[in-house]
Amino acid sequence: MSRFISTALCALFLCLICSTVASAADTAAGKTLFEANCSACHKTGLGGAPKLGDKAAWAPRIAQGTDTIVKHAVEGFDGATGSMPAKGGVMTLTDAQIGDIVSYMVEQGK
Ligand code: HEC
């Protein structure tokens, strides 16, 4: 019986570890995906896009909360400066990948 309990606890513990890893944003992957899919607008500011690392442009966006800006990036968003296409127009990106990219953008904009 105690063996069963320790096995169960062990499984639970492993499960906790993997769910923590899975939910933590992967900004390294986000950087690579950013370069491939979002840099055309977000490096140059094309069409009113907030530029990567432009703290003044990012501060009010970051203030909305990461969930909101991720939602805007996934669904698309018409704001005060221009029009953000859903997933940057790359519909093969998953919501989780968009989350990684936005975490990277937020990190650079702080
Ligand atoms: C065709 C140009 C273009 C591409 C490509 C593009 N964006 Fe944008 N993005 C914009 C513009 C323009 C805005 C500003 C909209 C506004 O606030 O008026 C924006 C805003 C955003 C914001 C801020 C949203 C907010 O609520 O303030 C995020 C986050 C974002 N983009 C993420 C991404 C990601 C991630 C990608 C790549 C998958 C991407 N963008 C690709 C043009 C683009």
Region 26-109: relative contact order from alpha carbon pairs under 8 Å, six or more residues apart, as a whole percent, is 41
For K110, list the lysines whose Cα falls under 17 Å from its own Cα; do not include residues on the same chain fewer than 8 positions away. K31, K43, K51, K55
In sequence order, calculated HN-Hα J values of region 91-108 (Karplus, 6.51, -1.76, 1.60; Hz; x Gly/Pro): 6, 6, 5, 7, 4, 5, 5, 4, x, 5, 5, 5, 4, 5, 4, 5, 4, 6
For a quick check: with amide H placed at 1.01 Å from N, whose amide H comes under 5 Å from F77's, ignoring anything fewer than 5 positions away on the same chain? M84, A86
Just subtract the alpha-carbon distance of F77 and A28 from 0.36 nm times their residue separation and send over the number in nm, one decimal. 15.1 nm
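Each reported figure results from applying straightforward, stated rules to the coordinates on display, with no laboratory input. Computed from a prediction, not measured in an experiment: that's the story for all the values here.
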